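The block underneath contains the structure these notes are about, expressed in structure tokens.
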Amino acid sequence: MTAPTNELKPVLVFDSGIGGLTVLREARVLMPERGFIYVADDAGFPYGGWEEQALKDRIIGLFGKLLQEHDPEVCIIACNTAFTLVGADLRAAFPQMTFVGTVPAIKPAAERTRSGLVSVLATPGTVKRAYTRDLIQSFAQQCHVRLVGSENLARMAEAYIRGDTVSDEAVLAEIDQCFVEKDGHKTDIVVLACTHYPFMANLFRRLAPWPVDWLDPAEAIARRARTLVPLVADAVHPDSFDFAVFTSGNPDFATRRLMQGFGLRA
Ligand code: DGL
């Protein structure tokens with residue numbers, strides 16, 4: 001489905017699953033005049049354990065189709081696991097399109113930490129990326145950065161947001177590596193470097209052995225996107241436009257209901 005020609009082009013938000021909704025909700029606040037298309041590559045979820053070349057090929061292939069079908073103004077890659085791998089290739093493959101990326105918020109964390117102990121909670125894919133190592137090298141050399149790659153949290157976040165119960169013990173087992181004590185100092189910032197995780201932030205706060213700042217980059221990503229999406233005077237949001245696309249073609253009932261809750265037709 002393409003936006004009618006008399007309307008502004010939409011913004012496309014992409015993730016492997018439902019995590020990008022944490023970015024979508026911020027983006028909508030800042031770009032109320034734009035229609036939104038939410039794309040979840042649920043057939044490829046989770047991205048965390050994929051072999052790098054196979055995941056690259058998959059995402060580039062998907063975007064070939066998505067750009068042709070939806071002709072967006074910009075694409076927000078609301079997925080650290082995808083963007084840290086394929087961001088540069090997407091820009092090279094589709095030079096006419098503007099891509100807004102999501103990368104672990106290591107720079108702001110390094111600027112804000114008082115203890116110098118920062119943890120990055122991410123998927124195993126993001127943790128092993130050269131991109132992530134480069135961010136640490138460039139912006140956080142003065143800090144002690146603990147990378148925590150969680151095998152299960154993205155799946156748990158999907159279950160949690162759909163209304164399933166997840167046990168405190170299981171969540172704590174995924175996050176407890178983030179809490180480091182060293183020379184009388186303690187971790188004071190945990191970067192939420194997977195867009196799924198902010199959905200569980202309340203749970204993380206309750207289970208944390210001590211209070212930390214859980215850094216969610218969603219608002220910063222939305223602000224960046226706003227600067228790249230032209231403001232058009234008197235433009236209004238196209239009526240009932242926003243919708244979600246699932247690569248499986250077959251989202252379950254709970255997912256469809258969740259999309260409706262976010263004002264997206266599934
Ligand atoms: N939401 C994605 C991210 O920001 C990853 C989830 C997954 O597919 O494992 O990294």
TODO: Within region 173-189, work out how many residues are open to solvent by less than 60 Å² (accessible area, probe 1.4 Å) and more than 15 Å from the ligand (Cβ to nearest atom).
DONE: 7
TODO: May I ask you to verify whether residue 117 is closer than 17 Å to residue 52 by Cα and more than 10 Å from the ligand (Cβ to nearest atom)?
DONE: no
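Please find, within region 232-266, the residue that is surrounded by the most Cβ atoms within 10 Å (Cβ to Cβ) out of those that are farther than 30 Å from residue 164 by Cβ and without any contact (Cβ under 8 Å) to a residue 60 or more places away in the chain.
Of region 232-266, the ones farther than 30 Å from residue 164 by Cβ are 232-239, 241.
When the remaining residues are screened for being without any contact (Cβ under 8 Å) to a residue 60 or more places away in the chain, the result is 233-234, 239.
Values: 233: 5, 234: 5, 239: 7.
Filtering first and then ranking leaves 239.
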TODO: Name every residue in region 77-106 that is farther than 20 Å from residue 50 by Cβ and within 12 Å of the ligand (Cβ to nearest atom), in order of residue number.
DONE: 105
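The values are calculated or read from the model by the stated rules, or taken from the named source; none is laboratory data. Quantities reported herein were computed from a predicted structural model and do not represent experimental measurements. Because the Cβ atoms are built from the backbone with ideal geometry, glycine has one as well, and the counts that use them run over all protein chains shown. All accessible areas refer to the heavy atoms of the entire protein, side chains included, with ligands and DNA or RNA removed. Shrake-Rupley method; radii C 1.70, N 1.55, O 1.52, S 1.80 Å.
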